[in-house]
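**Q** I'd like to ask some things about the structure below.
The values are calculated or read from the model by the stated rules, or taken from the named source; none is laboratory data. All of these numbers come straight from a predicted model, not from anything done at the bench. In this analysis, Cβ positions are derived from the backbone assuming ideal geometry, glycine residues included, and neighbour counts consider all displayed protein chains. With ligands, DNA and RNA removed, areas are computed over all heavy atoms of the protein, side chains included. Shrake-Rupley method; radii C 1.70, N 1.55, O 1.52, S 1.80 Å.
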Amino acid sequence: MSGDRTVQSVQRAADILKLLAGEPTAGWRLSDIARASGLGKATTHRLLSALSDAGFVYQSPETRRYLIGYALVRLVRQATRFNIGDLARPSLLRLARETEDTVFLSVREGLDALCLEREVGAFPIKTLTLDAGDRRPLGVGAGSLALLAFLPQEEVAEVIASNAPRLGGYPRFGPAELAALVEETRRRGYSFNEGRIVTAMCAVGVPVFDLGGRVVASISVAAIRERMDSDRIAWIVSRLKAEADSLQARLGGPAGPTPVNGETA
């Protein structure tokens, strides 16, 4: 029972932080937080006190309103994936302008690939299978596959095994097929989704590495099948890799060939 109460307290604290994040400059009064969160004032005050002790929130002495604390802001900024969207935006805009197709930035979150950013090109037929904030099992889709394929082999196997029950919702991404796609992606140096989710759509993706040579993100381009002949795929991949190198440099990551299991491909 104590474990359940702890989980409940964490969830309540998280809900309060989300409320405060929605009003980063105006802040919230204690009574407003209690009402919006559905908690009693005593419980709300206790949670706010604990968050204040951690530096995650503070109370303005002038207005008596609660605001997000700098310790939480600094913690977020220290996590690469939370500012990688801002760092990657120039690359995404360039790719969308040059290819005229849809460009995605994805990051790993546990067993999922999270679409962090999307830029839509000018081509009249749009490929909008993902929006910012959408998730898929790791390995499903070009950007997601680029995140999975360049992880250490043991980790790849663990992810596929853990996600096996969820892969039933993606008939062309079963565990055996996904393992084969990982090997193919490693050989190519980029991922290729040839109509495995939407038959009329294809996509290619490349990984982005952090300072330690670990996959931190992927950039992918999706288009209708007719726009993905071999010559155009080669050109898109070359542009993706150039922008991935540029982003890696901004992240302080390694330059040069894509590393696989600590070796260059």
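**Q** Could you point to the residue in A164, L20, L93 farthest towards the positive end of the chain's charge dipole, with +1 and -1 charges on the Cβ of Lys/Arg and Asp/Glu respectively?
**A** So the residue we want is L20.
**Q** Also: If each DSSP helix of 4+ residues adds -39,500 (n - 2.57) and the sum is divided by the residues in the chain, what number results at 222 nm, nearest 500 deg cm²/dmol?
**A** Numbers: 9 runs with 125 residues, N = 265.
Here the helix-only value at 222 nm equals -15000 deg cm²/dmol.
**Q** Please work out whether the range 130-239 counts as rounded, prolate or oblate from its C-alpha gyration tensor, where a ≥ b ≥ c are the square roots of the eigenvalues and a/c under 1.5 means rounded, while otherwise a/b larger than b/c means prolate and anything else oblate?
**A** Judged from the Cα gyration tensor, the range 130-239 comes out oblate (a/c at least 1.5, b/c at or above a/b).
**Q** Say each of E23 and S162 gets a label point 7 Å from the Cα, pointing the same way as Cα to Cβ; how far apart are those two points in nm?
**A** Here the modelled spin labels are 3.8 nm apart.
**Q** Between A71 and N83, what is the spin-label point distance in nm, taking each point 7 Å from the Cα along the Cα→C-beta axis?
**A** 2.1 nm
**Q** What does the charge count around A142 come to, taking other residues whose C-beta lies under 11 Å from its C-beta (Lys +1, Arg +1, Asp -1, Glu -1)?
**A** Result for the local shell: +1.
**Q** Can you tally the net charge around V221? Count Lys and Arg as +1, Asp and Glu as -1, for every other residue whose Cβ sits under 9 Å from the Cβ of V221.
**A** Neighbourhood net charge equals 0.
**Q** Moving on. Calculate, for A54 and R214, the FRET efficiency according to 1/(1 + (r/R0)^6) with r their C-beta to C-beta distance and R0 35 Å; round to the nearest 0.05.
**A** Details: r = 28 Å, r/R0 = 0.80.
For R0 = 35 Å, the calculated efficiency reads 0.80.
**Q** Let me ask you something else. Sorting check: for 64-76, 90-102, which peptide has the highest mean count of neighbouring beta carbons within 10 Å, and how do the rest follow?
**A** Result, highest mean first: 90-102, 64-76.
**Q** Another one. List the aspartates and glutamates whose alpha-carbon lies under 12 Å from that of K126, not counting same-chain residues fewer than 8 positions away?
**A** Candidates past the 8-residue exclusion: E100, D101.
**Q** Over the chain, average the accessible area per residue using a 1.4 Å probe and give it in Å², no decimals.
**A** 50 Å²
**Q** Considering only protein heavy atoms and a probe of 1.4 Å, how much of the accessible area of the range 44-112 is carbon and sulfur, as a whole percent?
**A** Answer for the range 44-112 is 53 percent, counting heavy atoms of protein chains only.
**Q** Ordered by packing density, taken as the mean number of other Cβ atoms within 10 Å over each peptide's residues, highest first, how do 224-233, 239-248 rank? Intermediate values should be presented prior to the final figure.
**A** Numbers: 224-233: 13.7, 239-248: 20.0.
In decreasing order of mean packing, 224-233, 239-248 become 239-248, 224-233.
**Q** To the nearest Å, what is the center-to-center distance of the range 199-246 and the range 84-139, using C-alpha atoms only?
**A** Going from one Cα centre to the other spans 11 Å.
**Q** While we're on this one: Peptides 194-200, 120-126: what's the order by average Cβ count within 10 Å, highest mean first?
**A** The densest-packed peptide leads the list: 194-200, 120-126.
**Q** Normalized C-alpha radius of gyration of the chain, against 2.2 N^0.38 Å?
**A** 1.17
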